[in-house]
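Written below as structure tokens is the structure these notes are about.
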Amino acid sequence: MGRQTDQGTRHESALRTRAMMLGRSAQRNAKRGQAHESDVTVAGAEMLPVVAWKNYLKAGARRKAVRMVVMLEDDFWKLVALDTRAQYGYEIQAKATQTLGVRAILSGLIEWMKTQ
């Protein structure tokens, strides 16, 4: 396997393992050659689309990765509604633009939150 394939396989396996550690049924999916097919399935009654992004950054001589999950807004609010005890809070950076550097915006928000 090539380097990029190895990186993708490790990322998929890590996602599956994380879901299983939370007590969820999860599996890596065999490739069927279909466009936009799912790499990992976490079983549930209602299936929601998620993009799990491991964005590699150049940081000097050694690369570093920022891991993110991108999802539809309605799906985010479904997850928020499940947190009936308000265990988690959110600082939301709202942008309305055609193109966006997601990693840069997220990094900026994280840095801002450290100063609060």
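The values are calculated or read from the model by the stated rules, or taken from the named source; none is laboratory data. On a predicted model such as this, the values are computed, not experimentally measured, just so you know. When we count neighbours, we look across all protein chains shown, and the Cβ atoms used for this are built from the backbone with ideal geometry, even at glycine.
Can you find, within the range 95-109, the residue that is nearest to residue 64 (Cα to Cα) among those that are over 16 Å from the mean Cα position of the chain (by Cα) and in a helix (DSSP H, G or I)?
So, considering only residues that are over 16 Å from the mean Cα position of the chain (by Cα) and in a helix (DSSP H, G or I), the one nearest to residue 64 (Cα to Cα) is 108.
Please give the strands (runs of 3 or more DSSP E) falling wholly within the range 4-72 in which 1 or more residues are assigned by TED's automatic domain parsing to the domain that holds residue 107 and not aliphatic (A, V, I, L, M).
50-59, 62-71
So which residues in the range 22-38 are farther than 16 Å from residue 49 by Cα and either of a type in the set (A, V, I, L, M) or touching a Gly at 6+ places or on another chain (Cβ under 7 Å) (or both)?
22, 30
From the list 105, 92, which one is surrounded by 11 or more Cβ atoms within 10 Å (Cβ to Cβ) and β-branched (Val, Ile, Thr)?
Among 105, 92, only 105 is surrounded by 11 or more Cβ atoms within 10 Å (Cβ to Cβ) and β-branched (Val, Ile, Thr).
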